[in-house]
Amino acid sequence: MKALGREHEDDLSAVSKPPCLLVGVDRVALLLDVSERFVNKLRASGRFPEPIHLGGRVLWRVKDLEQWVRDGCPLIEGDL
């Protein structure tokens with residue numbers, strides 16, 4: 001007999017964690033296999049999607065990063 005409140009434990013273990021929508025510079029660097037310093041250099045040079053600022057944090061939309069890579073990592077013209 002299962003303990004009270006544990007009847008759905010097996011169901012919850014099968015639920016995967018939802019994908020991140022926003023990531024910080026550490027995760028961006030990990031995703032791109034570069035250093036955080038290089039991410040910051042790309043950003044400063046106008047070659048990287050602009051981040052958003054949320055609660056004092058600098059974050060990037062994962063979908064923007066994915067599109068930037070699909071497009072061949074182009075110069076972001078609006079940032080010049």
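The values are calculated or read from the model by the stated rules, or taken from the named source; none is laboratory data. Model, not experiment: these values are computed from the prediction. Here the Cβ is made from the backbone with ideal geometry for all residues, glycine too, and neighbour counts use every protein chain on show.
Quick notes on this one:
- Selection status of Gly46, more than 12 Å from Val25 (Cα to Cα) and touching a helix residue (DSSP H, G or I) at 6+ places or on another chain (Cβ under 7 Å): yes
- Residues in region 24-50 that are outside any helix (DSSP H, G or I) and either hydrophobic (A, V, I, L, M, F, W, C) or in contact (Cβ under 8 Å) with a residue 24 or more places away in the chain (or both): Gly24, Val34, Gly46, Arg47, Phe48, Pro49, Glu50.
- Pairs linking a residue in region 63-74 that is on the phi < 0 side of the Ramachandran plot and of a type in the set (A, V, I, L, M, F, W, C) to a residue that is at pLDDT below 95 and surrounded by fewer than 11 Cβ atoms within 10 Å (Cβ to Cβ), with Cβ atoms under 8 Å and 6 or more positions apart or on different chains, are Trp68/Pro74.
- Filtered residues of region 51-71 (kept if hydrophobic (A, V, I, L, M, F, W, C) and assigned to a helix (DSSP H, G or I)): Val62, Leu65, Trp68, Val69
- Qualifying residues in region 38-80 (those that are over 25 Å from Pro18 (Cβ atoms), buried (at least 16 other Cβ atoms within 10 Å of the Cβ) and aliphatic (A, V, I, L, M)) - the one modelled with the lowest pLDDT: Ile76
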